[in-house]
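For reference, the structure discussed in these notes is given below.
The values are calculated or read from the model by the stated rules, or taken from the named source; none is laboratory data. Fair warning: this is a prediction, and the values are worked out from it, not measured in the lab. Methodologically, a virtual Cβ is constructed for each residue, glycine included, from the backbone with ideal geometry; neighbour enumeration extends over all protein chains shown. When the accessible area is computed, the model is the full protein with side chains, heavy atoms only, and any ligands, DNA or RNA have been set aside. Shrake-Rupley method; radii C 1.70, N 1.55, O 1.52, S 1.80 Å.
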Amino acid sequence: MNTLKSKDSVDDIPVLSDDVPVTMPELPQSVSITSLQQFKAISDRTRSRILGIIQNQPATAKQIAGRLGASPGAIGHHLHVLEAAGLAKVVARRLVRGIVANYTLLKVHT
């Protein structure tokens, strides 16, 4: 699996085929909130719940939406806010029925 570095973009991550699993990278035990933008991002209940889901396993907006009973579009918006705040990152991409699904994971600062 290919993980993003700060200068990489989502387009740099190859699209996985259906038979390749999305694996969980090793992560440190804690996340530090170091900016007002990050604090504002986690202050939203839905975004806090999303972080709880993606802290243990990468997930797509559709998968998260199913668990939270929300629309994939709304979850996609929240994921973009978390990514912009540096709290989440796309770690894998997969082609699903002609659409590229991004798997997002909690971003831990080391």
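Structure summary
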| read-out | value |
| --- | --- |
| Within region 36-71, considering residues that are in contact (Cβ under 8 Å) with a residue 24 or more places away in the chain and of a type in the set (S, T, N, Q), the one nearest to residue 106 (Cα to Cα) | 55 |
| Within region 45-73, considering residues that are of a type outside the set (S, T, N, Q) and under 17 Å from residue 100 (Cα atoms), the one most open to solvent (accessible area, probe 1.4 Å) | 62 |
| Which listed residue is assigned to a loop (DSSP other than H, G, I, E, B), among the aliphatic types (A, V, I, L, M) and either at pLDDT 80 or above or under 24 Å from residue 70 (Cβ atoms) (or both), from 24, 1 | 24 |
| Scope region 27-41; condition open to solvent by 50 Å² or more (accessible area, probe 1.4 Å), at pLDDT 65 or above and under 15 Å from the mean Cα position of the chain (by Cα); matching residues | 31 |
| Residues satisfying the stated conditions in region 90-109, i.e. open to solvent by 50 Å² or more (accessible area, probe 1.4 Å) and in contact with a strand residue (DSSP E or B) (Cβ under 8 Å, 6 or more places away or on another chain) | 95, 100, 102, 107 |
